[in-house]
Amino acid sequence: MKKWYSAQELTDLQLDSLPKSKSNVINFLKKNDVANQKRQGKGGGLEYAFDGLPKKVQAEIKARQTAELMKASKSKAVAVVKREREFGELDDKDRERVDNRLLMCLLVEQYIEELGTQDKALDWVSKMSKQNALPIQNGLDYNEVCQNAKASRVGGVGVGKRQLHGWLLEHKKASTPTQRLHHLAPAKQGRPVMSVLSIGWILDFLAVYRNPNGLSVSVAYRIFAVQYAQKVGHENVPSLAQVRNALSKVPLAERERGRLTGSEYKKILPYVKRDWNADWFMNNDVWVGDGHSLKLKVKHPDGKTVITPELTVIMDAPSRFIVGWSLSFSESGFAVLDALRMGWQEYGFNKIYFSDNGSGQFNEMLDNEVTGILPRMGVTHKTGIPGNPQGRGIIERFMKDVPKMIAQSFASYTGKSGDKSTQHLRPRQDRQANWLLFFIVLHVIHLIIALIRFI
């Protein structure tokens, strides 16, 4: 809104509340004692203050300018453009529809030659398709072609003239097979897939949500809302429902990045399968070992203490065959050596032994360069990366199920799946009653391992 107007500018507005000629406008302004000042620039003269004009004149000028602004803000209607699909988006069904639409266009062109005009040919083909009476030429049933050409089976038999005409126009636009595939491809159905990164605030929310303290979505949203409001204003902050919806579209590995670390984060990463059966891996090339405490209580044969037995298993990686195992009172190098002894005695020496770096698996007795058992036997000992149990996944899966199966065979089972009240109330005497239980466990393990080998 201008603050100062010349007499000529007010005359050009042709307001109903002002005279129509410039001289009469000047006299009107002088009569109403409107505040004025000398106009700067060429020509000189006076210019009059908008605030000094009569209220009726001010209101008319404001209304005139508001109408002009509204007129300028009206946008022209934008024609709807069909989104052309990339070739990579087309599946086998889409390509089949393109072929069938091309056949329908060729059929219309045949009838154009017979009936004389395109309009008559379109009418005839559309009418015959709705009556399921299209011809069969060279073993090709055009009624079936027509149904397969439509993007959807909904809508009954046949195709309308308008849709058929659209296919024909697209067919005529194309001069090469590639263009024909491009033009006749069915439009993508449903809402377009929106990229998560196109959401402007998602990275700001993830910066708050990716917290190792494991913030819930609602708690992270409250923190995010305050920070984001300071950045863009309260009216532009998304709702909690919008945040939840957007977060559900973020891949799990990206969503949990920063919230989980180490082995917990690696659990949700895509599984990469190792090819143990490649030509360069033979039986006895790589053995994988692991130890696991059995979730049961037994009496130590040499005393009155209650112990949790330790099961150690050695597996041949290429064949998944259990070559050796041992049961001991606790995790130790002797338990690992006993399992290796069994494998060496029955199946020969291996080239590589792969295990974790726990005290039982990695110690001076086994790994010393001079006196260690493994170097003296010509076995290379490799240990996995700490916090990366997936490296020994083939035996970790075995150790997840088999020790539990063994422990659940006894009344002194203490695993998570057992009844806590029963485990708590069971008298200590019952758990210590028979020291032979340890050797019974040995026998059960022997039977289960033998059964697994047989299977």
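Just so you know, all these numbers are worked out from the coordinates, no wet-lab data involved. No experiment lies behind these values; they were computed from the predicted model shown. Virtual Cβ from ideal backbone geometry, glycine too; neighbours counted across all protein chains shown.
Structural remarks
- Extension gain from Ser198 to Lys62, taking 0.36 nm per residue of separation minus the Cα-Cα distance: 44.9 nm
- Debye, to nearest 20: dipole size of the stretch 4-72, +1 on Lys, Arg Cβ, -1 on Asp, Glu Cβ: 120
- Counting every other Cβ atom within 10 Å of each residue's Cβ, Val208, Val157 order from fewest to most as Val157, Val208.
- Sorted by Cβ density within 10 Å, fewest first, the residues Arg259, Arg101, Arg162: Arg162, Arg259, Arg101
- Between the stretch 2-56 and the stretch 316-351, the Cα center-to-center distance that results, in Å: 106
- Set of lysines near Lys297 by C-alpha distance (under 24 Å), chain-local residues within fewer than 8 positions excluded: Lys400, Lys404, Lys416, Lys420
- Dimensionless Rg ratio for the stretch 199-266, taking C-alpha atoms and the 2.2 N^0.38 Å reference: 1.12
- Equivalent-ellipsoid semi-axes for the stretch 256-398 (Cα gyration tensor, √(5λ), whole Å, largest first): 25, 22, 15.
- Given charges at beta-carbon only (K, R positive; D, E negative), |dipole| of the stretch 199-266 in Debye: 120
- Shown for Cys105, Cys146: other C-beta atoms within 10 Å of each C-beta, ranked fewest to most, produce the order Cys105, Cys146.
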